[in-house]
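Q: I have a structure here, written as structure tokens, and I will follow up with some questions on it.
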Amino acid sequence: MAAGAAQRDKVERLCRYIARPAIATARLALTAQGDIRYTLKTPYRDGTTHVIFEPLDFIARLAALVPRPRVHLRRYHGVLAPHSALRTAITPAGRGAGTAAAAWSPAERHRAMSWAQRLKRVGTGLSLSPRQQAERCGGRVKVIASIADPAVLGRMLAHLARPPSPPVTVPRQARAPPLQAVLDLD
């Protein structure tokens, strides 16, 4: 649905659609036994007008609707599927099951990225470009130690005149959308 800036009724409808809850809370009720009763919008063929859940079962069913983190919600089938042999022929980047990277073993895939590339990928700020590496020591970055002891790290940071702990930042408080602005869209 597209809405222009002057189409206030469409903008309001779009905002209400986006801000709606996952389930109709007006149709939820608590029974005398402590169970949750959900009244159906339209009755089933057999005449069922509501469904009763135990609280834990209701939460489990709601949680099942939430997608897992870092999982794509769009799935491709046919030639666009990730493991299709024809995907390399039709995608602009030539990615797919037929590429050389797909034929690598897990050990080869693990070795394909240098430590500098891994550090750059996680954004630690410790990564060096190949030219910076060559200027400093003439070779590639190589991890020689991993220090996890807080006392040793504190002494090293004190020697470098750095603060022993990161600065404390106060997280911003989440705020609700401006309801009054949405309701006054006359």
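The values are calculated or read from the model by the stated rules, or taken from the named source; none is laboratory data. Here the structure is a predicted model, which means the values were calculated and not measured. Methodologically, a virtual Cβ is constructed for each residue, glycine included, from the backbone with ideal geometry; neighbour enumeration extends over all protein chains shown. Side chains are part of the model used for accessible areas, which takes the heavy atoms of the whole protein and leaves out ligands, DNA and RNA. Shrake-Rupley method; radii C 1.70, N 1.55, O 1.52, S 1.80 Å.
Q: With the structure loaded, tell me whether Ala5 is open to solvent by 40 Å² or more (accessible area, probe 1.4 Å) and in contact (Cβ under 8 Å) with a residue 40 or more places away in the chain or whether it fails that test. Show your work before the answer.
A: On the way: open to solvent by 40 Å² or more (accessible area, probe 1.4 Å): yes; in contact (Cβ under 8 Å) with a residue 40 or more places away in the chain: no.
So Ala5 fails the test.
Q: If you don't mind, there's one more thing I want to ask. Give the range 38-64 a look and list any residue that's touching a helix residue (DSSP H, G or I) at 6+ places or on another chain (Cβ under 9 Å) and open to solvent by 60 Å² or more (accessible area, probe 1.4 Å), or say none.
A: Within the range 38-64, the subset touching a helix residue (DSSP H, G or I) at 6+ places or on another chain (Cβ under 9 Å) is 38-41, 50, 53.
Residues satisfying the conditions are Lys41, His50.
Q: Among the listed residues Thr124, Thr88, Thr42, Thr48, identify the single one that is modelled with pLDDT under 75 and either of a type in the set (Val, Ile, Thr) or part of a strand (DSSP E or B) (or both).
A: Details: Thr88 fails: modelled with pLDDT under 75; Thr42 fails: modelled with pLDDT under 75; Thr48 fails: modelled with pLDDT under 75.
When all the criteria are applied, what remains is Thr124.
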